[in-house]
Amino acid sequence: MAAKSAGSALDWGWNHSPATSAALVAGGAYTVATAGAVTGLPASHALLVAGAGAAAQVGSDLYQRRPAGHTVARCAAWLTAGGWTATVLTHDTALTWSAAGWWAAGTAAGMTLARGLVRAEDTARTQRTERRLQKWANKQAGEWHERLERLFRLEGHEVEGVRPWKGDVGYTVRVRMPSNTPELPADAVRKLAVDLRLPKGGGIQIMDGEVYGETLIRVTSVDVLAKVTDLPDAAEDTTVTSIYDGIPLGLKPDGEEARIVVVDDCALVVGQTGSGKTNTVNTANAGALRTDNTVVMHIDVTGAGISLPWLHSWAVDGTARVPLIDWTADTIEEAHILCDTVIAGIAARKSGHQDLLTEDDKLTVSHDLPEVLVAVDEIAELTPGLLRKLDTIVNTGRAVRVRVLICGLRATQDVITAAMKKQSRVRVGMRVSDPEELSHLFPTGGGRINPKAAPYKGCGFYSSPDEDDVVSDPTAFKGYRIKPKQIRALSVAYADRRPHLEPVFLDTEPALYYASRWGRILPRIYKTKQLAPATIPYTDIDVLYPPVNEFTGIPITSSTEDDEDGNGGPRVVATSTATTPAAPAEQMRVGADLLSTMLNAARPAPAPSLDDSTVIQADFGRVIQQAGTPENRPNPVPQLLADAHNAVVAAGGRMHTADLAALLQMEPLVLGTELGKLLREVSIERPGKGTVRAGKDSESKPGYTAETLAAAMRAYNLRDGQ
């Protein structure tokens, strides 16, 4: 197993059983007796040590309140060992059969006695604890019976039990209600909280029991959500888990762990800026990566922020042998390649693993056939084409264990698609300021959520199907805190258990670009930073770049791939492949020497007079007069839109407004205003609030993508019936 942390540490914990401890003491006595007989050690020294040990044993037993008989037995063992050692030292007979026989008999008796004493003490301790809890529960039951009678004038009710919670943070009272009063009044929560004088952060929750007429009153006496709890076992326990066990996110108000299950269902995580959403995503990453049957992929086109902490140990430090994240899509183009590969892999699994679908219509994941979990951050930054591909993954990947974890700022329709929301039965909503946000997110129980129940940073609500596949009402939780230092340590511990995609998944046309993914990605996200030798096996290969659709700027990974409208057919593409990672930018664009030719080709030929039927007049994109198309009908696409699209495609599919304006010889403000009018005319919106990452430094500035402009051109054609 991999190291548990980045650095080595000595383990000073002696985790021995009572029997082995007794054997070690006996072994020490024999060693002292043997060596002392040779060196002339006085026998009185052995008696002195035995007496001191017996005295220390008495003090320890009194402190731990052990029974007197147990104390006598342990002291007798000390004195017996000391007496045997003194006898051996007196007669110099340590290496005789007689001395060794008595030593072996005493050792066996000591081991048996030690085990018996510890078992007896454990049993007695458990019984004392049970008696103490029973006494406490009986007292609480009496008090609650009187409290319900006093506050609500109940008669005929019975308090059937009181169960404390883990960590002494609260308890649950089970009440059998009378037939004429089957439930408590609406103001019961407030009255009970005041009567109990609960501290700030405590609370009352009234729930139905397993049978009609049974009421459960959950009392929270400690504000668990106010505490900052680090991710447990981050440095000590890194045992292998399974994705079937669920992914831990944090603690519920009762101290129990909040877990989500993403085997059958996708997950949706939303939260406003500063709510702790990124920390929650990293916690989910830690839970998925701790398993040995889950491949984790990321899509984050805003700079791969959710991936960088998990890649650091591999890409920079070199302490991890393999990348924790199997694939990171840091750009729109890379995200298209990833999604195409996953969609093709879903189809390949459905046909290639039919022999495994005998007992169930869904695959059973394992280390050799892992689940694929695609985590998508900042989904509002994705283009419509990518959202459609993600919808396909969400809708078709369940049976073959390909699921998506979607993260966004809001759960509204303009951010999350209908398919994503419908298929994501696992919902996580971090702290919000508007209760309507949570009501819109959670399908059941959202209207009864009070945001004040999760008021702290890192708090939120979650719902997830239970063992019976029933989605529970939203429950408050406080997310575990995971720090970059912990992430780097976990990256080393989890590296050697990472599974690999099976050949069936990768035996597709889009998967041709899978092997060289890091050759494309690492130079972009780490730029000039020195990469660790551990990355060489992933980058010292021929780096492939798919051809690009000249019209949309989208990479083409399959010869039968549909176009943006879903229509199959031949494509005009700019072929761009490479064998080295030295010039990825050049591979994603048409040659600069063709730019002027493309722009001139898009413009109409100059006319000798305004009376010519082929003249097209335009004023900053507003078409004044158009005529002379092959069908003798006006061209519906404004000239400015066509020019801008051709320029953006030639620049690689994305371009800042200032650079585009300079190329078109216009003022940036005028260009932005006019293009904005053209897009609004056909109800086309730019993703990511109009910002794109382009240029040598991939800066995020206002700009345009070829996909957005192409969608507007299609909209104009459709609107005018062409």
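The values are calculated or read from the model by the stated rules, or taken from the named source; none is laboratory data. Source: prediction; values computed, not measured. Neighbour counts run over all protein chains shown; Cβ positions are idealised from the backbone, glycine included. Side chains included, ligands, DNA and RNA excluded: accessible areas come from the protein's heavy atoms. Shrake-Rupley method; radii C 1.70, N 1.55, O 1.52, S 1.80 Å.
Rolling a 1.4 Å probe over the heavy atoms of the protein chains gives the stretch 323-382 an accessible area of 32 Å² per residue.
Shown are Arg321, Arg714, whose ranking by accessible area with a 1.4 Å probe and every protein chain present, most to least, is Arg321, Arg714.
Measuring nothing but protein heavy atoms, the accessible surface of the stretch 51-91 at 1.4 Å probe radius is 68 percent carbon and sulfur. Note on exposure: Ile541, Ile406 ranked by accessible area (1.4 Å probe, complete protein assembly) read Ile541, Ile406, with the most exposed listed first. With a 1.4 Å probe rolled over the protein heavy atoms of all chains, the accessible area of His500, His656 falls in the order His500, His656, largest first. Can you give me the % of accessible surface on the stretch 169-280 that is carbon or sulfur? Probe 1.4 Å, all protein chains present, nothing else counted. Of the solvent-accessible surface of the stretch 169-280, carbon and sulfur hold 51 percent. Computed over the Cα atoms of the stretch 238-342, the ratio of the radius of gyration to the Kirkwood radius (Rg/Rh) comes to 0.97.
Each part gets one Cα centre, and for the stretch 456-492 versus the stretch 247-302 those centres are 6 Å apart. When +1 charges are put on Lys and Arg Cβ atoms and -1 charges on Asp and Glu Cβ atoms, the dipole computed for the stretch 655-704 relative to its Cα centre reaches about 160 debye.
Rounded to the nearest angstrom and listed largest first, the equivalent-ellipsoid semi-axes of the stretch 358-487 from its Cα gyration tensor are 26, 19, 17. Taking a 24 Å limit on the Cα-Cα distance, which of the listed pairs Lys277/Lys452; Lys452/Lys485; Lys389/Lys696 fall beyond it? Flagged as over cut-off: Lys452/Lys485; Lys389/Lys696. Once the 1.4 Å probe is applied to the protein heavy atoms, the stretch 83-174 comes out at 65 Å² accessible per residue. Computed with a 1.4 Å probe on the full set of protein chains, the accessible area for Thr364 sits at about 100 Å². Entry note, the stretch 635-684: relative contact order of 33 percent, from Cα contacts under 8 Å with a spacing of 6+ residues.
Across the stretch 170-256, the relative contact order, built from alpha-carbon pairs under 8 Å that are at least six residues apart, equals 32 percent. Taking a ≥ b ≥ c as the square roots of the eigenvalues of the Cα gyration tensor of the stretch 154-195, is the shape rounded (a/c under 1.5), prolate (a/b larger than b/c) or oblate? Verdict is oblate for the stretch 154-195. Between Thr358 and His500, the FRET efficiency from the beta-carbon distance, with R0 = 25 Å, is close to 0.55. The residues of the stretch 485-531 expose, per residue, 45 Å² of accessible area to a 1.4 Å probe.
Where the eigenvalues come from the Cα gyration tensor of the stretch 436-538, what are the semi-axes √(5λ) of the equivalent ellipsoid, largest first, in whole Å?
In descending order, the three semi-axes are 40, 22, 15 Å.
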